[in-house]
Each structure stands twice: as C-alpha cells, then as structure tokens.
Amino acid sequence: MGGMMATPNTLEEESHLYDLGGGGFWIDCNDIQEEGTWECKDGATDVDFRNWVDGQPEGGAAWNCGFLWATGWYDYPCDASYPAVCKKSVA
Ligand SMILES: [Ca+2]
C-alpha cells in the first residue's frame, strides 16, 4: 500500500488527475518555508511545472498550500478541508 501525494508535471497529467479527483484537491505544493517561494513535490521528486490561474497565488503569508481546481492552481489556507489525490508505483 502507501502512495504519495501527487502534483502534476504536465497539463496532460493535470487534466487526467483532475478527472480522477472528481473536483478540486490538494497538490503537494507549498510556500510554508519561504513566503512566495513555492516548492512542489511529486513523491520525492521536485516538480518545476506550474499552472497558477491568473492572479494566483494571492493569499500571502496566510495561504500557503496549493490547490488544483478546473483549469489551474490556487493557493488556499493549509488547514482547509479538501481531498488529495495520491499515486503509487505499480512497478
Ligand atoms: Ca503564501
């Protein structure tokens, strides 16, 4: 079992994850360590892909977690209650 919280690496993967999620969900991105510097992980791997919606992220120091909704990413308060999508290797 197990699995890692997923962050899309491409628009195609993002679309696929969004379809699986059936609505908005957390991605493994945050700027908790340094406000404005977003670190995104896909499992243990750093993700350089970003797909912020125009005007996002907008929440400043209070909103530090990445959320995927429809066509892009938003920042939201990390203590908000939303699902996440996890993926695991089948190898
Ligand atoms: Ca922030």
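The values are calculated or read from the model by the stated rules, or taken from the named source; none is laboratory data. This one's a predicted model, so the numbers in the text were calculated from it and none came from an experiment. Cβ sites come from the backbone with ideal geometry, for glycine too, and all protein chains shown count toward neighbours.
Looking only at residues in the range 1-53 that are surrounded by fewer than 12 Cβ atoms within 10 Å (Cβ to Cβ) and under 14 Å from Pro83 (Cα atoms), the one that is modelled with the highest pLDDT is Asp19. Scanning the range 51-91 for residues that are within 14 Å of the chain's Cα centre (by Cα), within 13 Å of the ligand (Cβ to nearest atom) and assigned to a loop (DSSP other than H, G, I, E, B) yields Gln56, Pro57, Trp63, Asn64, Pro77, Cys78.
Give the range 35-50 a look and list any residue that's within 9 Å of the ligand (Cβ to nearest atom) and among the acidic types (Asp, Glu), or say none. Result: Glu35, single match.
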